[in-house]
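Report on the following structure.
Read-outs: derived from the displayed coordinates by stated rules, not from any lab. Note that the coordinates shown come from a computational prediction; the quantities given were computed from them, not determined experimentally. Methodologically, a virtual Cβ is constructed for each residue, glycine included, from the backbone with ideal geometry; neighbour enumeration extends over all protein chains shown.
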Amino acid sequence: MKSCKRLVLSLLLTVCASGLVPAFAAGPVFGSASGEFVVYRDRSWKAPTWIGFLCYDANTWGAFVKTPSTGSDVSVLFRTEEVDGELVLTGQQIISDITERDVSAVNYLMGLLPDLYKWHQEARAGRGAKQAKAASSDAGIGRSVLLPPLVVLERSSESFGGALELVFAAEVPVFSLRSASVPKAGTIFSLEKAGRVTTGDDRDFFGFTPRSACKDATPFTLAETRTARQYSIDGLILNLDDQWTALADNTFMLGNTAVLIADTIDLTAAGVSGDLPSALVRLFSSSGKASWILPEYTAVRGTPERMVIENRVFDVNSQLVNRDIKVCLPSGDGTSCRIISLTVSDAAWAGNESYFNSLF
């Protein structure tokens, strides 16, 4: 029972990282790995539209254009090769049912994929790039000094109608592109979802549907009288109380409101390499089948020795938003990382933030 329960966090990370062998040479800031995908909200279309890209390997890509209001759902596989730093399409296979009206969507993907690849390479190389003037995010959360600065490219694009400002962030997978904006309309291309598919199963990518509306969570009230209970796990001190139920030596539940896990992960087995803060943010901000990380709310704070990664997560099944906190304490030799993982209802967190922060 004990050994099984201690695998909860490690097993989750191993499954997420399976099959994620680097697809091509990746620098410490901007890189891609096989199995990673990104989905963007594309406001250059008249109707609400989402664009997605999946990196199978250096020469194989999946892509889609989805416009739910019109019923248009176009999915394509591309074969490519790199020539003089640019991505050249060598073949394509449309894997969805399409009509004549969907031809423009296929053409759009054929033009956009090489552009994104080229911009990504230019951002990695620093060609014509500059650091962002202000370290900020869409949610107004300041960018942590633990992460590399945002990188900005100014380019011209026929796909987006002219001048374009591209913002790149090291922790964003595939193309590292966080957003794109035009002078008059503002942001027209923004990261909606990022994640990884497991080897041989790309349904989480091609089966994408826009996020539904959030439901209101059940109110949570702390007990006025609580008996303190302290636990030590792998040198991690947890200051809990009698409201928490121990499911195992490293796993605790607060009713249906929160779950806390303390564990140590092997960074190599978890697919973590390169710039450690960026890699950990990418790892813990990866959406799964039933959990959708909201990228505009990702926040990082702390120090290299004790980094805190905070996300808001939409639970697909319950349609509730949870707060996910990962306290990361890397080993001195960089081979492992002790993790305290707290997932709590966003509604409960909002009224009891100081309580939950006091747990560790």
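Taking each DSSP H run with n ≥ 4 as -39500 (n - 2.57) and averaging over every residue of the chain yields -4500 deg cm²/dmol at 222 nm. Summary value for the chain: 16 percent relative contact order, contacts being C-alpha pairs under 8 angstrom separated by 6+ residues. Highest mean packing first, where packing is the average number of other Cβ atoms within 10 Å per residue, the peptides 53-64, 193-204 line up as 53-64, 193-204. Compactness of the stretch 36-197 is given as radius of gyration and Dmax, 15.7, 49 Å, from Cα positions.
Taking a sphere under 11 Å around the Cβ of Thr225 and counting the other residues whose Cβ falls inside, with K and R at +1 and D and E at -1, yields a net charge of -2. Placing R0 at 25 angstrom, the Cβ-Cβ distance between Ala290 and Tyr355 gives a FRET efficiency of 0.40 after rounding to 0.05. The order of Glu310, Glu36, Glu296, Glu158, going from fewest to most other C-beta atoms within 10 Å of their C-beta, is Glu158, Glu296, Glu310, Glu36. Over all pairs of different C-alpha atoms, the chain has a mean inverse distance whose reciprocal, the Kirkwood radius, equals 21.6 Å. Taking other Cβ atoms within 10 Å as a rough exposure proxy, Ser287, Ser341, Ser232 sort from fewest to most as Ser232, Ser341, Ser287.
For the stretch 36-197, the relative contact order works out to 22 percent when only alpha carbon pairs closer than 8 Å and six or more residues apart are counted.
Mind scanning Lys215/Lys289; Lys46/Lys193; Lys184/Lys289 and naming the pairs with a C-alpha gap bigger than 29 Å? Going by Cα-Cα distance, Lys184/Lys289 fall outside the 29 Å limit.
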